[in-house]
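Read through the structure below, which is laid out as structure tokens, and then see the notes.
The values are calculated or read from the model by the stated rules, or taken from the named source; none is laboratory data. Given the structure is predicted, the values throughout are model-derived calculations rather than measurements. Note that each Cβ is placed from the backbone with ideal geometry, even for glycine, and that neighbours are counted across all protein chains shown. What goes into the accessible areas is simple: the full protein's heavy atoms, side chains included, and nothing from ligands, DNA or RNA. Shrake-Rupley method; radii C 1.70, N 1.55, O 1.52, S 1.80 Å.
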Amino acid sequence: MLSDIYGIGLQEVSTGDPDAEENKWTKALTRCLGVAGFVRIKIVRMQGLLSLAFVKREHLMSYEHIESERSKAGMGGWWGNKGGVSIRFDVNGVNLIMVNAHLAAHMDNAMERIEDFFTILDTQKFRDKDVDNILDHDYVFWMGDLNFRLDGLTRSQVEKEIAAKNYNALLKKDQLLKCKDKGMIFTDFEEGPITFAPTYKFDPDTDIYDTSEKQRVPAWCDRVLWMVHEDSFQNLDLSVKQLYYKSLPSFTVSDHKPVVTEFQFPVFPHPPNPPVVTFQVPSSCRLKHDMDIRYTYRTNPELSSSSWDWIGLYKTDFSTVNNYLSYKYAVSNVEGRDKPNVVVTWKQKDLPEKAGKYVLCYISKVKDTLMGMSSEFEILP
């Protein structure tokens, strides 16, 4: 069964040109999830850190106030090789954030990892009027290479316990759990039971723990934790149910094993407000003919218009808002009044060359926000 939201966080990835939105990771993930009916709503990168958020195309209008942030923690905050990136949004009036972090490395740097954690918390601020920082969100999901190690154990001791699957004995030495128990980090966060082997560090393209000269001690560096404000709403009890928490040992591209988890959590059944823009589209039209569409703009003080707002024509299986086939600038609404039955004409030359099923999306340039999406319509031969 497919989820409604996919949040993906990668660390130490080669993203190619830092100024290019698309790279091999985003292209592959967007293609894979696009075929499954998902739209990518946000990307955020910082050197080797990369986060992406995807949502079901059919529920796209449920998401608003989409933002991202970055926090550099390397070299005293000057370098982005360590730190965190985040993606936040509202879904049907409930807000959540996904943080992807890469904290300080090496066995003896637990305190530096804690400092990096608080650097991320202290430096990320958001435009949404209801939340100012990460911990203000109704749901907080924190993932990444947190780099916490196992204290006081040799490599041979750890490997012996791994072979016996005696993970509980090892977890008593886990730096993250020990620091958390002391209230030093991740206060009020939860983590599911760890029933999988340590995810760090492996020889390239193998399932063998590090045999290099450094002989690093295996550890659970890769983690996912969460926090929920259960009493945020009087008429909705917030909660998180973790369905599974596991690693993917067959993955050998990295010297880490990826960790994946799935959550269930409630939100309101419908968006709190109707769409700002509603379309009236013909059930069908024909190629080689102009196409008139109508829309109504309902003024919303939280989502201001601009003269750069635009309407994109998309195939019904589009995977990002950049996948438009053609676009038209919307009729300006900067005076802030409702505009009923605005007509926009697609000339024949701007229509697709092939028949098929399509949708229209109204994009606000002010915040790159989707403010309306039409029903499906067909362009006939």
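Among the protein heavy atoms of the chain, carbon and sulfur supply 50% of the accessible surface, probe 1.4 Å, non-protein parts ignored. Over the Cα atoms of region 220-344, the radius of gyration divided by the Kirkwood radius equals 1.13; this is the Rg/Rh ratio. Normalising by residue count, the chain has a Cα convex hull of 161 Å³ per residue.
The loop-placed GluC sites (Glu not before Pro) in region 22-118, going by DSSP, that have at most 15 neighbouring Cβ atoms within 10 Å of their Cβ come out as E22. Neighbours of L287, meaning other residues whose beta-carbon lies under 10 angstrom from its beta-carbon, give a summed charge of +2 when Lys and Arg score +1 and Asp and Glu score -1. The charge dipole of the chain, taken about its Cα centre with unit charges on the Cβ of Lys, Arg, Asp and Glu (plus for the first two, minus for the last two), comes to roughly 900 debye. Among the chymotrypsin sites (Phe, Trp or Tyr not before Pro) found in region 253-341, those both in a DSSP coil and sparsely packed, with 13 or fewer other Cβ atoms within 10 Å of their Cβ, are W308. Across G183, G84, G312, mean-square fluctuation computed from a Gaussian network of the chain (C-alpha pairs under 10 Å connected) peaks at G183. Per residue, region 198-282 exposes 55 Å² of solvent-accessible protein surface, assessed with a 1.4 angstrom probe and all protein chains in place.
Summing +1 for each Lys or Arg and -1 for each Asp or Glu among the other residues whose beta-carbon sits under 11 angstrom from that of I114 gives 0. Largest accessible area first, the residues R294, R40 order themselves as R294, R40 under a 1.4 Å probe with ligands, DNA and RNA left out. If the Kirkwood radius is taken over C-alpha pairs of region 89-177, then at 25 °C and 0.890 mPa s the Stokes-Einstein diffusion coefficient equals 159 µm²/s. Remark: region 47-169 carries 41 Å² of accessible area per residue (probe radius 1.4 Å; ligands, DNA and RNA excluded). Positive contributions from Lys and Arg (+1) and negative ones from Asp and Glu (-1), summed over other residues with Cβ under 11 Å from the Cβ of D237, come out at -2. Partners of K27 within straight-line reach, counting aspartates and glutamates whose Cα lies under 18 Å from its Cα and excluding those fewer than 8 residues away in the same chain: E12, D17, D19, D317. Using C-alpha pairs below 8 Å separated by at least 6 residues, the relative contact order for region 193-338 is 16 percent. The charge dipole of region 1-151, taken about its Cα centre with unit charges on the Cβ of Lys, Arg, Asp and Glu (plus for the first two, minus for the last two), comes to roughly 520 debye.
Largest GNM mean-square fluctuation across L287, L96, L225, computed for the chain with C-alpha springs under 10 Å, falls on L287.
Between the listed residues N147, V343, G93, the Cα displaced farthest toward the positive end of the dipole of the chain, a dipole computed from Cβ unit charges relative to the Cα centre, is found at V343.
Accessible area per residue for region 289-355 is 58 Å², calculated with a 1.4 Å probe on protein heavy atoms, without ligands, DNA or RNA. Annotation note: trypsin sites (Lys or Arg not before Pro) in region 46-155 located in DSSP loop regions with a Cβ neighbour count of at most 13 within 10 Å are K125, R127, K129. Only aspartates and glutamates eight or more places from K160 in sequence, or on another chain, were considered; those with a Cα closer than 17 Å are D151, D174, D207, D210.
Pairs spanning more than 20 Å between alpha-carbon atoms, out of K288/K347; K72/K180; K288/K354: K72/K180.
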